[in-house]
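Participant: Below is the structure I would like to discuss, written out as structure tokens.
The values are calculated or read from the model by the stated rules, or taken from the named source; none is laboratory data. Please read all numbers here as calculations on a predicted model, not as lab measurements. Cβ sites come from the backbone with ideal geometry, for glycine too, and all protein chains shown count toward neighbours. The protein model used for the area step is the full one, side chains on, heavy atoms only, and it has no ligands, DNA or RNA in it. Shrake-Rupley method; radii C 1.70, N 1.55, O 1.52, S 1.80 Å.
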Amino acid sequence: MNSPVLITGASQRLGLAMANTLLDQGHHVVVTYRTLRPSISMLEDKGATVLQADFSTEAAIDRAIDEIKAISKTYRAVIHNASDWAQERDNHDKHSLIERMMLVHAVAPYRINLALEKALCDCDVQSDIIHMTDYVQETGSEKHMAYAASKAALHNLTLSFAKKLAPKVKVNSIAPALLMFNEGDDEAYKQKALEKSLLEIVPGAQEAVKAVNYLFDSDYVTGQTLHLNGGRHLK
Ligand SMILES: NC(=O)C1=CN([C@@H]2O[C@H](COP(=O)(O)OP(=O)(O)OC[C@H]3O[C@@H](n4cnc5c(N)ncnc54)[C@H](OP(=O)(O)O)[C@@H]3O)[C@@H](O)[C@H]2O)C=CC1
Ligand SMILES: Nc1nc2c(c(=O)[nH]1)N=C([C@H](O)[C@@H](O)CO)CN2
């Protein structure tokens, strides 16, 4: 069986779209999920290996690493997708908020990458690490301060791991802005969000899937950020 692609947080939305596409392309896919959904059973029926993992404590992260390492001695790629888009106004305890953001967006990717270094380098083809960061990695966010800081930390890990693991492993960030709305987004929010970019569309999960495939196919891109933001930075 081919060396697997690990995708974290793949029970819905972008991660689920990536998992389905990579399975359809013939990859062996390993996914983690926090909340069991019918989508996970569907991925398993398509041949994915599924693991329950909540990256909210260091002990849980280390347990997930042990399970991930036990699945395969080599990995074709790791896509750090799991994410909690938390905002300060919903979290009274700000100390636990930034701790929670750093655990899922920085500590988990950092520890998983270090644990899988040999598995990625021993892959029989050049391998990839992809960090799903965010447009706000460079701008900050007044409503999602801890979230933005943790995504900036994740992007900085892209730069460090790109230097550490070259040439066997390419390491890149994908930094989306608005790709998908969430349930409960009202029309006023949607219209305001659309107007933040030049292209004024919400492209959907496939925009991220196309970026993943571009990076997988590249021979010369590492330490970079693919910005998927519709020109928001120029508005
Ligand atoms: N969608 C967008 O427009 C944008 C997305 N991004 C980034 O792209 C990536 C994918 O986005 P999207 O699909 O919307 O992400 P989601 O908000 O759907 O989150 C992905 C998954 O992360 C899991 N997750 C959350 N917290 C934890 C945790 N503590 N431990 C383990 N898993 C956890 C959730 O698991 P479960 O549901 O199983 O509990 C969820 O299914 C994310 O990294 C996001 O920050 C950035 C900018 C815009
Ligand atoms: N984990 C998530 N992170 C983010 C999401 C999301 O739904 N889940 N959504 C956004 C927004 O689309 C934002 O980019 C709009 O400006 C950001 N991060």
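Participant: Could you check region 83-129 for helices (runs of 4 or more DSSP H) lying wholly inside it with 2 or more residues that are modelled with pLDDT under 95?
Facilitator: Of the helices (runs of 4 or more DSSP H) lying wholly inside region 83-129, those with at least 2 residues that are modelled with pLDDT under 95 span 94-102.
Participant: A further question on this structure: Output the residues belonging to region 82-112 that are open to solvent by 60 Å² or more (accessible area, probe 1.4 Å) and among the acidic types (D, E).
Facilitator: D90, D93, E99
Participant: Every residue in region 73-104 that is within 13 Å of ligand 2 (Cβ to nearest atom) and over 20 Å from the mean Cα position of the chain (by Cα), please.
Facilitator: none
Participant: Shifting gears a bit: Among the candidates V50, V29, single out the residue that is buried (at least 23 other Cβ atoms within 10 Å of the Cβ) and more than 16 Å from ligand 2 (Cβ to nearest atom).
Facilitator: From the options V50, V29, the qualifying one is V29.
Participant: Another one. For residues that are surrounded by fewer than 24 Cβ atoms within 10 Å (Cβ to Cβ), closer than 23 Å to A19 by Cβ and hydrophobic (A, V, I, L, M, F, W, C), scanning just region 118-174, find the one that is farthest from ligand 2 (Cβ to nearest atom).
Facilitator: V125
Participant: From the residues in region 32-47 that are open to solvent by less than 20 Å² (accessible area, probe 1.4 Å) and not in a strand (DSSP E or B), which one is farthest from ligand 1 (Cβ to nearest atom)?
Facilitator: L43
Participant: Looking at I79, I61, I68, I7 in this structure, which one is in contact with a Phe, Trp or Tyr (Cβ under 6 Å, 6 or more places away or on another chain), within 25 Å of M101 (Cβ to Cβ) and crowded, with 21+ Cβ neighbours inside 10 Å?
Facilitator: Just one listed residue meets the conditions, I61.
Participant: If L120 passes every condition in (1) within 23 Å of G204 (Cα to Cα); (2) touching a residue at least 24 places away in the same chain (Cβ under 8 Å) but one, which one does it miss?
Facilitator: Every condition holds for L120 apart from (1).
Participant: How about region 10-25: which of its residues are open to solvent by less than 50 Å² (accessible area, probe 1.4 Å) and more than 14 Å from ligand 1 (Cβ to nearest atom)?
Facilitator: Across region 10-25, the qualifying residues are L22, L23.
Participant: Which residue pairs have Cβ atoms closer than 9 Å, lie 6 or more positions apart in sequence or on different chains, and pair a first residue in region 170-194 that is within 30 Å of V125 (Cβ to Cβ) and at pLDDT below 95 with a second residue that is within 10 Å of ligand 2 (Cβ to nearest atom) and in a loop (DSSP other than H, G, I, E, B)?
Facilitator: none
Participant: Continuing with this model, one more query. Determine whether region 61-72 contains at least one residue that is more than 16 Å from the chain's Cα centre (by Cα), at positive phi and part of a loop (DSSP other than H, G, I, E, B).
Facilitator: Within region 61-72, not a single residue is more than 16 Å from the chain's Cα centre (by Cα), at positive phi and part of a loop (DSSP other than H, G, I, E, B).
Participant: Which residues, taken from region 1-31, are in a loop (DSSP other than H, G, I, E, B), in contact with a helix residue (DSSP H, G or I) (Cβ under 6 Å, 6 or more places away or on another chain) and in contact (Cβ under 8 Å) with a residue 60 or more places away in the chain?
Facilitator: Hits for region 1-31 are G9, A10.
Participant: Right, something else. Search region 199-232 for residues being farther than 27 Å from K163 by Cα and open to solvent by 90 Å² or more (accessible area, probe 1.4 Å), and hand back the single one that is farthest from ligand 2 (Cβ to nearest atom).
Facilitator: Here the answer is Q206.
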